[in-house]
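The values are calculated or read from the model by the stated rules, or taken from the named source; none is laboratory data. Keep in mind it's a predicted model, so treat the numbers as computed, not measured. With ideal geometry, Cβ positions are generated from the backbone for all residues, glycine too; neighbour counts draw on all protein chains shown.
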Amino acid sequence: MKTNKFIDIKRATFLCFLTIMVIGCNKHLDITPQAEVSPENYFNDESHLSAYTIARYQDVFRTTDGTGGAGLYLDDAATDNMTNRGSNNRFLPGQWRVGATGGGWSFGTIFQLNYFLQTVSAKVEAGSVFGNANNINHYIGEAYLMRAFVYFGRLMEMGDFPIITEILPDQQAALVEASKRKPRNEVARFILNDLDKAAELLLTVPPAGGRTRISKDVAYLIKSRVALFEATWLKYHQGTALVPNGPNWPGATKDYNSGYQFPAGSIEGEVDFFLGEAMSAAKVVADAHALSVNSKNIKQNAADPSNPYFEMFNAENLAGYDEVLLWRDFDLTLGVVQYWNHYMYYGNGYGYTRQFVDNFLMDNGLPIYATGSGYQGDDFVGEVKVNRDWRLRLFMRAPGETKAFISLSAGTTPEVEPTVPNIDLASRFLEGTGYSIKKGLSYDNNMQSIVGRDVTALVCFRAAEAYLNYIEACFEKNGGLDGSATSYWQAIRNRAGVNPDFNITIAATDMSKEGSNDWGAYSHGNFINPTLYNIRRERRAELMVEGLRYMDLIRWRAMDQLNGFKIEGIKVWGPMQDIYGNRLKYGGTTTNTVSDPSLGIYLRIHQISPNNQFYDGYFFTEAHYLSPIATEHFLISSPDGQSMETSPIYQNPGWPLTAGAGPIGY
């Protein structure tokens, strides 16, 4: 029986322990860990450490949507990459409001990891933990890495944040003190420090579980991600209240942050520091791991040659993929499954945007609009993929392609993609924008069509990101590309089946055309350098559907220009309309299947219904780059428990202290 290593090697025995030893499960800063099982009677053996840390994986690494569903695969929705007929209130200033309770100001998992580190470190120092010393250190390293990753989530959402490394006494004064927010760059430095500790302690090959458990290289990859994030955030948000010492930075209103000085002497020095850290960490991973091979084959039956690049996202076991640093192993026999294949087999209302599809290069390295590109047009979905970047060819469905050819009943003909996408059907059968997602889809019909049978492995971290992180950090730091950055970029383009000479692409790039399709063409509402833009384009294509797009957009400050941006899909009002015939309905209120042709030849997915709240397009405001802090946290942390103004916490820029209110000015 295959074990679900990602979830818990010792799941059955440890669940009982967890029920009586839940630490910091509350979201407030008012917790002292209590346990029926005392630390004197536990954490005495390396197996205890292993069980405790693996039990945290589900809390730290988001691999499902809370119901065992699509997880990070749908985290790119509500960006310029993909969407459904809904979206996210972050694109409706005034509709995203301050909460009364909850939100991202939470410490539960942080307390659990602090408890582990504080308790186990003392036991190790006393020599009271039995087992292999390297293995013991490895599990401590796992805890440091997970604490860092949780803090990175808080950094992205909240910016400035309290740094808490110890278990707090149940005393109001201590809790108030601990609520003080550290400037965001200090939080980022703390994260890097935790990751350095993790890298020192972690083994290259984990004691058990292979790459379904954290390894040393995962620490380096995450370090490169965090450092690049903070460097570019500080650079592109400089001059705003969203960075320490910026105009109206709310941290300056608190005496504990008054007169703050950057460790590197200036914000420019901080940017340079983080870029250097990103480069060095990324290089460790990129130099150690080769990219999976793209055989340039779209498999249609069992006899066709395999394509390791495509199958890296739909195999059941990823142990043989050197590029994958951490993956989740699902197991039908344990009842632990996901639902991604079932969702995307039918469409589930999602699809790539026309803007995203148009952004992919031709295989000769030219943008589709460039003279001599060879672009076939978008009259039909299949034509869009002709002679294009192989990432578009592999990871987007097209008419005539086989959906699945494994686990079919005897004599059953494999189902193929329809002549035109099902943009007019209801519920799970709806193919959203018409450009349907294929990344992560299995060849196995059982995983696609039968609910609760999907055990395709999930890629959590892979080395290609390190290649991309190095390229971007190198250009941001040095204004050019060194030999390593050049070789990494060429390797990624070679794998994608695109001309490796990226200078051909750069020379042919028209930023005004790219800006109509790609939010990443902008920072602070202005076009960026064409070389930097093409580095961002590469990242957009390579990491599609892997949940990193919004992270990139916020750090680049790439949404200032949004003022009624209309998401589009396939060219429904072209030759395909004759195939659809009377399936295309518009002009009503509740029976429409497509947008009115007067709005344009492309499907406007948010303008199908006149009642869609995103009918007028996407808008953005600066406050939305960070989340608001719910009002309960100000009350909890105030000395008297009543006056929010006396709390050591300060609200994020542009957000009020009033529950139910939108950003100031809306």
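Please count how many residues of region 403-437 are in a loop (DSSP other than H, G, I, E, B) and within 26 Å of the chain's Cα centre (by Cα).
The total comes to 6.
Condition first: over 22 Å from the mean Cα position of the chain (by Cα), hydrophobic (A, V, I, L, M, F, W, C) and outside any helix (DSSP H, G or I). Now tell me which residues in region 490-503 satisfy that.
Of everything in region 490-503, just one residue is over 22 Å from the mean Cα position of the chain (by Cα), hydrophobic (A, V, I, L, M, F, W, C) and outside any helix (DSSP H, G or I), namely V498.
Given (1) out of contact with any helix residue (DSSP H, G or I) (no Cβ under 6 Å at 6 or more places or on another chain); (2) under 14 Å from Q300 (Cα atoms), identify the lone condition not met by G411.
For G411, the exception is condition (2).
Please go through region 314-345 and give me each residue that is free of Cβ contacts under 8 Å to residues at least 24 places away in the same chain and among the β-branched types (V, I, T), ordered by number.
Residues satisfying the conditions do not exist here.
Just one of (1) among the aliphatic types (A, V, I, L, M); (2) farther than 23 Å from N297 by Cβ; (3) within 23 Å of the chain's Cα centre (by Cα) trips up I506, so point out which.
Condition (3) is where I506 drops out.
Select from region 73-89 the residues that are part of a helix (DSSP H, G or I) and surrounded by fewer than 21 Cβ atoms within 10 Å (Cβ to Cβ) and write down the one among them that is modelled with the highest pLDDT.
For region 73-89, the residue satisfying everything is N89.
Can you find, within region 114-153, the residue that is farthest from the chain's Cα centre (by Cα) among those that are charged (D, E, K, R) and buried (at least 21 other Cβ atoms within 10 Å of the Cβ)?
Among residues in region 114-153 that are charged (D, E, K, R) and buried (at least 21 other Cβ atoms within 10 Å of the Cβ), the one farthest from the chain's Cα centre (by Cα) is E142.
Name the residue that is farthest from M362 (Cα to Cα), counting only residues in region 520-576 that are without any contact (Cβ under 8 Å) to a residue 40 or more places away in the chain and hydroxyl-bearing (S, T, Y).
Taking the candidates together, the pick is Y522.
Among the helices (runs of 4 or more DSSP H) lying completely within region 257-351, list those that include at least 1 residues that are touching a helix residue (DSSP H, G or I) at 6+ places or on another chain (Cβ under 9 Å) and modelled with pLDDT of 95 or more. Outline the logic, then answer.
On the way: elements: 267-288, 308-311, 340-346.
Helices (runs of 4 or more DSSP H) meeting the threshold: 267-288, 308-311.
Show the residue pairs that are 6+ apart or on different chains and have beta-carbon atoms under 8 Å apart, the first residue being within region 104-132 and under 19 Å from P207 (Cβ atoms) and in contact (Cβ under 8 Å) with a residue 40 or more places away in the chain, the second being part of a helix (DSSP H, G or I) and polar (S, T, N, Q).
F116/T53; G131/S47
For the subset of region 611-643 comprising residues that are in a loop (DSSP other than H, G, I, E, B) and under 21 Å from the mean Cα position of the chain (by Cα), which member is farthest from D80 (Cα to Cα)? Reasoning before the result, please.
Step one: of region 611-643, the residues in a loop (DSSP other than H, G, I, E, B) are 611-617, 620-621, 626-630, 638-643.
Still in the running and under 21 Å from the mean Cα position of the chain (by Cα): 620, 626-628.
Values: F620: 13, L626: 19, S627: 20, P628: 23 Å.
Within region 611-643, the match that is farthest from D80 (Cα to Cα) is P628.
Report, by residue number, each residue of region 145-163 that is under 25 Å from S215 (Cα atoms), touching a residue at least 60 places away in the same chain (Cβ under 8 Å) and not small (G, A, S).
Correct list: L145, M146, F149, V150, F152, L155, M156.
Checking Y666 against (1) aromatic (F, W, Y); (2) assigned to a loop (DSSP other than H, G, I, E, B); (3) closer than 26 Å to Q172 by Cβ, which test does it fail?
The number of the failed condition is (3).
Take the residues of region 183-215 that are closer than 26 Å to F634 by Cβ and without any contact (Cβ under 8 Å) to a residue 60 or more places away in the chain: which is farthest from the chain's Cα centre (by Cα)?
So, considering only residues that are closer than 26 Å to F634 by Cβ and without any contact (Cβ under 8 Å) to a residue 60 or more places away in the chain, the one farthest from the chain's Cα centre (by Cα) is F190.
Would you mind finding the one in G525, G440, G479, G515 that is under 21 Å from the mean Cα position of the chain (by Cα) and either at pLDDT 95 or above or of a type outside the set (F, W, Y) (or both)?
G440
Any residue at all in region 186-204 that is at pLDDT 95 or above, more than 25 Å from G108 (Cβ to Cβ), in contact with an Asp or Glu (Cβ under 8 Å, 6 or more places away or on another chain) and not hydrophobic (A, V, I, L, M, F, W, C)?
Yes, region 186-204 contains at least one residue that is at pLDDT 95 or above, more than 25 Å from G108 (Cβ to Cβ), in contact with an Asp or Glu (Cβ under 8 Å, 6 or more places away or on another chain) and not hydrophobic (A, V, I, L, M, F, W, C).
Since A219 meets every condition but one in (1) within 18 Å of the chain's Cα centre (by Cα); (2) not in a helix (DSSP H, G or I), which condition does it not meet?
(2)
Between a residue in region 494-505 that is under 12 Å from Y309 (Cα atoms) and any residue that is among the aliphatic types (A, V, I, L, M), which pairs come within a Cβ distance under 8 Å, given they are 6 or more apart or on different chains?
R495/L291; R495/V293; A496/A541
Sort out which residues of region 362-395 are assigned to a helix (DSSP H, G or I) and in contact (Cβ under 8 Å) with a residue 24 or more places away in the chain, and write them in order of number.
V381, V384, W390, R391, L392, R393, L394, F395
Of these, Q118, Q112, which one is farther than 23 Å from Y550 by Cβ and in contact with an Asp or Glu (Cβ under 7 Å, 6 or more places away or on another chain)?
After ruling out the rest, the residue left standing is Q118.
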